[in-house]
Amino acid sequence: MADFAPVLKAVVPAAGLGTRFLPATKATPKEMLPIVDKPAIQYVVEEAVAAGLNDVLMITGRSKRSIEDHFDRAYELEDALRAKGDEDRLAAVHESSDLAIMHYVRQGEPRGLGHAVHCARQHVGNEPFAVLLGDDMIDARDQLLTRMIEVRQKHGGSVVALMEVEPDQVSAYGCAAIEATDEQDVVKITDLVEKPSVEEAPSNWIIIGRYVCDPAVFDVLEKTPPGRGGEIQLTDALRTLGDMPADQGGGVYGVKFRGRRYDTGNKLEYLRTVVQFASERSDLAPEFMPWLREFVRRNDGE
């Protein structure tokens, strides 16, 4: 295995306005919407920590202070729970504040994912790092990020997570042109297109919200002009990296993911995610599932 620097830091962009969830997100960050009883953003941080990345930089914006508060200590609440002898809830409160070493930086204006990632430059420095988008949740049983880090350690360069979708879905994502390697789940990325039409799409393998980036991406992002939607696109920077020599941090690989992914970026998928998580909770499923079956039976055909 080549001697590439280890991946130790995670960057979580969380500066979006969450307009698809208004009015709920007028004062509450979309990332703080609960999946049953835990905010979506905590699942993302837990995923980073499970992959060995306990240094987490959150890219936030205005009105996102509650994210910082969630991962901080809450002494009055802890004291109240301790006085009641409520050890279970006290442990749940401690879980978020003890999870990782959290850092925060604000993205001053919404100029796209590429710009958000560039905001991490001072913290990350000259180290490879992972990027985890809060809209995408990967089931804890499917260790996608760990696999991506393994691929980075073997090949260097940058690594993206890919998922196969129906052709009519490609226009909502970045789409990859790929070449096979000697590993069944690893491909070489030869081109990337941000939100192509069905006719323009080079494949039906889309990029989902997990990346492992070489630090060379920062210099590329600095020179990347606004692309689709007038925003600085991380996809455009990765396309440039794909054409660069390996000794300059170039090369982009993809990991084909066929596991369990939950998209919480729109209301329908968010509701599906909440139902799926509740259905697998041992403390909820025994009562929730019979009610759900009865609800569906009563409303079937209406």
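Just so it is clear, none of the values below were taken in a lab; they were calculated from the coordinates. A quick note: this is a predicted structure, and the numbers were derived from the prediction, not measured. A quick note on method: Cβ atoms are made from the backbone with ideal geometry, for glycine too, and the neighbour counts reach across all protein chains shown.
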Near the amide H of F129, under 5 Å away, which other amide H atoms are found, from residues 5 or more places off or on another chain, if H is placed in the peptide plane?
C213
Dipole magnitude of the stretch 1-103 about its Cα centre (Cβ charges: Lys, Arg +1; Asp, Glu -1), debye to nearest 20
660
Based only on Cα atoms, what Rg/Rh ratio does the stretch 224-302 have, Rh being taken as Kirkwood's radius?
1.27
Counting pairs of Cα atoms in the chain, how many percent are more than 26 Å apart?
48
In terms of modelled amide H atoms, which long-range or inter-chain residues lie less than 5 Å from the amide H of M58?
V12, H103, Y104, V105
Mind counting lysine pairs for me in the stretch 9-265? Cα separation below 17 Å, and the two need to be 8 or more apart along the chain or on different chains.
7
Given L144, Y173, P215, which one lies farthest toward the positive end of the charge dipole of the chain, if we put +1 on the Cβ of every Lys and Arg and -1 on the Cβ of every Asp and Glu?
Y173
Could you tell me which of T19, L238, A48 has its Cα farthest along the dipole of the chain towards the positive end, charges placed at Cβ (Lys, Arg +1; Asp, Glu -1), taken about the Cα centre?
T19
³J(HN,Hα), Karplus 6.51/-1.76/1.60, whole Hz, each residue of the stretch 18-35, x for Gly, Pro
x, 5, 6, 10, 5, x, 4, 8, 4, 10, 10, x, 4, 5, 9, 5, x, 9
Please report, in whole Å, how far the alpha carbons of the stretch 1-61 spread along each principal axis, starting with the longest.
50, 23, 16
In the stretch 1-98, which trypsin sites (Lys or Arg not before Pro) are in a loop and have at most 16 other Cβ atoms within 10 Å, using DSSP for the loop call?
R62, R73
Work out how much length E183 to A285 would gain on full extension: take 0.36 nm times their residue separation and subtract the Cα-Cα distance, in nm to one decimal.
32.8 nm
Note: V296 to R73 extended length (0.36 nm per residue) minus current alpha-carbon separation gives 76.1 nm
Per DSSP helix of 4 or more residues, -39500 (n - 2.57); summed, then divided by the residues of the chain. What does that give at 222 nm, rounded to the nearest 500?
-10000 deg cm²/dmol
